[in-house]
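The values are calculated or read from the model by the stated rules, or taken from the named source; none is laboratory data. All values derive from a computational prediction rather than experimental measurement. Here the Cβ is made from the backbone with ideal geometry for all residues, glycine too, and neighbour counts use every protein chain on show. For accessibility, only protein heavy atoms count, side chains too; no ligands or nucleic acids. Shrake-Rupley method; radii C 1.70, N 1.55, O 1.52, S 1.80 Å.
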Amino acid sequence: MVLMLVRERGIAVGKVERIELMDLGDTSLPTAIIPLSSSLIYITSRFADSQLVKLPHAAITGTSTSEGMDVEGKESEMELVASHASLAPVLDAVLVKKDGGSVSVVTCSGADKGGSLRVVRSGVGLSEEASLFIEGIREMWFVRRGTNDLLVLSFSTETCVLSFTEALDGEDSGVEEVDDVAVVATELPTILAANIGELLVQVTASGVRFARNGEERVEEWNVEGRKKITLAATVVM
């Protein structure tokens, strides 16, 4: 949220007649606020995309009403002029290899409300293929179920599974949430998700769930008593 403090001086020298706090709307979490002109402001951010915004007429003139309009009937919220994408800070990243041989990088970028999931294609440079703004991702894993490429995201209290959608003629590739992966307990945070041989495996604090790739029958091993699993890893032999 960006707020502007408006101070209005009267005819008498040094006398302040009115002080008003004006809500201008939301931007990325700012690291610096740089005025470029009387109406343009550049918001730099270490946690999300940097933005160029235009101040509303009410902020420039210091006039607004309770309905979010200025006295001339114009909107009193900022206008986004341009946004400059940033992957930083990258909390986690995985390589996604598609059947056609292309490789994409999925990054868990940003922080707090600026957190997002970015899909970029590697090559001469990095070009963004898709983005999905999600807060609170802790870890993620790329796995395969049959012929489907899945991304398992772990949060502090739950797990989410995303599926990659291939680009069609005239359309962009992207990601969508799926809820039919029986082996993944989405009501628990995930410690590890991986393909081990023919098995798709999920490790949580309470146990290990696994199923043969492409099958729905799930096997499960649970820890005893009050013990908990805190770390897990896979080794490729």
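Couple of notes before you dig in:
- Ranked by how many other beta carbons lie within 10 Å on average, peptides 214-224, 141-151 from highest: 141-151, 214-224
- Taking amide H positions as modeled 1.01 Å from N, with prolines and chain starts lacking one, the residues under 5 Å from residue 192 and 5 or more places away or on another chain are 203.
- Measuring only protein heavy atoms, the 1.4 Å probe finds residue 54 accessible over about 90 Å².
- Applying the Karplus relation 6.51 cos²θ - 1.76 cosθ + 1.60 with θ = phi - 60° to segment 86-96 yields 3J(HN,Hα) values of 9, 8, 7, x, 8, 7, 7, 7, 9, 8, 10 Hz, where x marks Gly and Pro.
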